[in-house]
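K.L.:
Below you will find the structure I want to go over with you.
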Amino acid sequence: MFTWVKFILSCIDFVPMILFALLLFRQRVKPYWIQITLAALAGTMVAYFDNWPLLYVCIICTLLMMVWKFSLVPTLIIALSGYILSVIVSTIVLFCCDLTDLAAYTDIEDDSLTTNLILLLTILVKCGVLLAIHKLRLGFTFLSNYTRIPLTRENAGFYLFIVVVIIGITYRHSYPDSALSALMPIQMLGMATVLFIYVMLGKELGFQR
């Protein structure tokens, strides 16, 4: 029973990842619930095959290219940004649970009930973050359906962000005993977060001219 509960929660957990990607860049969601639902259903197959994150990213990229008509590089930036924010929230929840002794991270995999409760808590926190993004109207508006991001020195940060996140996804199991590195090595997650802030908020914060 708990195995099926974990599977269902894992499937549901993919929906906030999609919504993070869309809301972060202020894309319209309401007219496209059917397409988003189909993408979420496609994610159930990924959950069935042991949660391959790159396939999650591919599903979001396909959704963005087919429905919102983004070109490849902006698509990758949006999809990986949604993935990174989802990982950050999940990592914070896991770390807080471990830090407060609510659930020892090293024992989570051995206790199905604890695993499912933490997964449920993570989904609730993600929904709270999504609600905050929506209510506070947070997000970025500089990417449009027709944006092209050429490989130039000025755009190096975008491409470095893509490379760092993909490497982090590939080596996500490098530190299996650390709550901070549960979903991605904390070094790569930290680098990706810094790059994300730099390329998305660089001009607004005065980092870039």
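The values are calculated or read from the model by the stated rules, or taken from the named source; none is laboratory data. Because the structure is a prediction, the values reported are computed rather than measured. Every residue, glycine among them, receives a Cβ derived from its backbone with ideal geometry; neighbour counts consider all protein chains shown. The protein model used for the area step is the full one, side chains on, heavy atoms only, and it has no ligands, DNA or RNA in it. Shrake-Rupley method; radii C 1.70, N 1.55, O 1.52, S 1.80 Å.
K.L.:
Might you let me know whether region 145-165 holds any residue that is open to solvent by 40 Å² or more (accessible area, probe 1.4 Å), modelled with pLDDT of 95 or more and of a type outside the set (Ser, Thr, Tyr)?
P.N.:
Yes, the conditions are met somewhere in region 145-165.
K.L.:
Right, something else. Can you tell me how many residues within region 66-89 are surrounded by 20 or more Cβ atoms within 10 Å (Cβ to Cβ) and not in a helix (DSSP H, G or I)?
P.N.:
1
K.L.:
Quick one: in region 166-196, which of the residues that are among the aromatic types (Phe, Trp, Tyr) and under 26 Å from ALA104 (Cα atoms) is least open to solvent (accessible area, probe 1.4 Å)?
P.N.:
TYR175
K.L.:
Give the residue, chosen from LEU63, LEU94, LEU119, that is in a helix (DSSP H, G or I), without any contact (Cβ under 8 Å) to a residue 60 or more places away in the chain and open to solvent by less than 40 Å² (accessible area, probe 1.4 Å).
P.N.:
The conditions single out LEU63.
K.L.:
Between a first residue in region 150-162 that is under 19 Å from MET191 (Cα atoms) and a second residue that is assigned to a helix (DSSP H, G or I) and open to solvent by 50 Å² or more (accessible area, probe 1.4 Å), which pairs have beta carbons less than 7 Å apart while being 6 or more apart in sequence or on different chains?
P.N.:
As it stands, the answer is GLY157/TYR198, since those pairs meet every condition given.
K.L.:
Does region 85-106 contain any residue that is touching a Phe, Trp or Tyr at 6+ places or on another chain (Cβ under 9 Å), modelled with pLDDT of 85 or more and of a type in the set (Gly, Ala, Ser)?
P.N.:
The answer is yes, given that some residue of region 85-106 is touching a Phe, Trp or Tyr at 6+ places or on another chain (Cβ under 9 Å), modelled with pLDDT of 85 or more and of a type in the set (Gly, Ala, Ser).
K.L.:
Could you give every pair whose Cβ atoms fall below 8 Å, whose first residue belongs to region 131-143 and is open to solvent by less than 90 Å² (accessible area, probe 1.4 Å), and whose second residue is assigned to a loop (DSSP other than H, G, I, E, B), counting only separations of at least 6 or pairs across chains?
P.N.:
Cβ pairs passing all conditions: ALA132/LEU138; ILE133/GLY139; GLY139/PHE25; GLY139/ARG26; PHE140/PHE25; PHE140/ARG26; LEU143/PHE25; LEU143/PHE70.
K.L.:
Moving to a separate point now. Answer yes or no: is there a residue in region 12-25 that is of a type in the set (Val, Ile, Thr), under 25 Å from ALA132 (Cα atoms), open to solvent by 20 Å² or more (accessible area, probe 1.4 Å) and within 12 Å of the chain's Cα centre (by Cα).
P.N.:
Checked against the condition, which is being of a type in the set (Val, Ile, Thr), under 25 Å from ALA132 (Cα atoms), open to solvent by 20 Å² or more (accessible area, probe 1.4 Å) and within 12 Å of the chain's Cα centre (by Cα), region 12-25 yields at least one hit.
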